[in-house]
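The values are calculated or read from the model by the stated rules, or taken from the named source; none is laboratory data. Everything quoted here is computed from the prediction, not taken from an experiment. Every residue, glycine among them, receives a Cβ derived from its backbone with ideal geometry; neighbour counts consider all protein chains shown.
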Amino acid sequence: MNIRHAQAIVAAACVAWPGSARADAAEARTNWFHDPFFPLSGEIAACPAPLGPLVTEEEALRDSHHRNERGLRCYLEHRCIHPSSYDYDRDIAARIQAARARNAPRRSTLWVLVQGRRVWIYGCVAPGYGRGTLERALRKIPDVELAMEEVRIGPRGEVPYRLR
């Protein structure tokens with residue numbers, strides 16, 4: 001065994017050993033699965049930013065089996081051409097961004113998250129917005145399986161999504 005091989009084994013053991021990571025690193029959140037997450041509009045300055053796809057490493061590990069199973073099931077049930085439903089996400093995100101001018105309500109601050117052919121839209125819209133309008137527009141985009149809106153209407157009230 002050469003010295004580099006031995007160093008690699010020791011480094012791997014330190015990473016895998018419980019308690020070897022710093023506590024603050026365990027709480028760091030990142031977009032582990034590279035899910036498309038982007039702003040759609042930004043006219044309401046006081047709208048809180050959603051957490052979106054940011055999860056801890058522990059949460060990502062816990063979700064990985066479900067994501068793998070759900071992504072593959074689409075293919076095995078012949079509902080998807082691609083081997084995973086998550087393979088559609090970048091194209092869906094690009095279509096949403098291209099349709100931005102037609103679909104974003106005036107006077108809104110919105111973010112979009114795409115995960116496994118499912119789309120969430122988070123944010124704030126002005127009073128008078130018709131609930132469900134964004135969902136209906138997103139469902140018309142090719143390959144979108146499900147669309148959900150979690151928006152606050154008007155300047156007051158609870159924000160219906162997890163905050164960053």
Q: List the number of the failed condition for Ala25; all other conditions in (1) modelled with pLDDT of 90 or more; (2) closer than 30 Å to Val159 by Cβ hold.
A: (1)
**Q.** First in region 114-141 and closer than 19 Å to Gly42 by Cα, second anywhere and acidic (Asp, Glu) and surrounded by 18 or more Cβ atoms within 10 Å (Cβ to Cβ), Cβ under 7 Å, 6 or more apart
**A.** Val114/Asp35; Val114/Asp89; Ile121/Glu149; Leu134/Glu149; Glu135/Glu149
Q) Say we look at region 40-57 and pick out the residues that are modelled with pLDDT under 95 and loosely packed, with under 15 Cβ neighbours inside 10 Å; which of these is nearest to Ser108 (Cα to Cα)? A) Gly42
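Okay, residues lined up against (1) polar (S, T, N, Q); (2) within 24 Å of His34 (Cβ to Cβ); (3) more than 14 Å from the chain's Cα centre (by Cα):
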position	(1), (2), (3)
Asp89	no, yes, no
Gln97	yes, yes, yes
Thr109	yes, yes, yes
Val112	no, yes, no
Arg117	no, yes, no
Thr133	yes, no, yes
Pro160	no, no, yes
Arg164	no, yes, no
Q: Under 9 Å between Cβ atoms, at least 6 apart or on separate chains: pull out the pairs that start in region 150-164 with a residue that is within 19 Å of Leu113 (Cα to Cα) and without any contact (Cβ under 8 Å) to a residue 40 or more places away in the chain and end on any residue that is basic (Lys, Arg) and surrounded by 12 or more Cβ atoms within 10 Å (Cβ to Cβ).
A: Pro160/Arg152
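Going through Ala93, Ala99 one at a time, which residue ends up being aliphatic (A, V, I, L, M) and either at pLDDT below 95 or exposed (fewer than 14 other Cβ atoms within 10 Å of the Cβ) (or both)?
The unique qualifying residue is Ala99.
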Q) If Gly116 satisfies every condition in (1) of a type outside the set (Ser, Thr, Tyr); (2) surrounded by 14 or more Cβ atoms within 10 Å (Cβ to Cβ); (3) more than 27 Å from Arg67 (Cβ to Cβ) but one, which is the exception? A) (3)
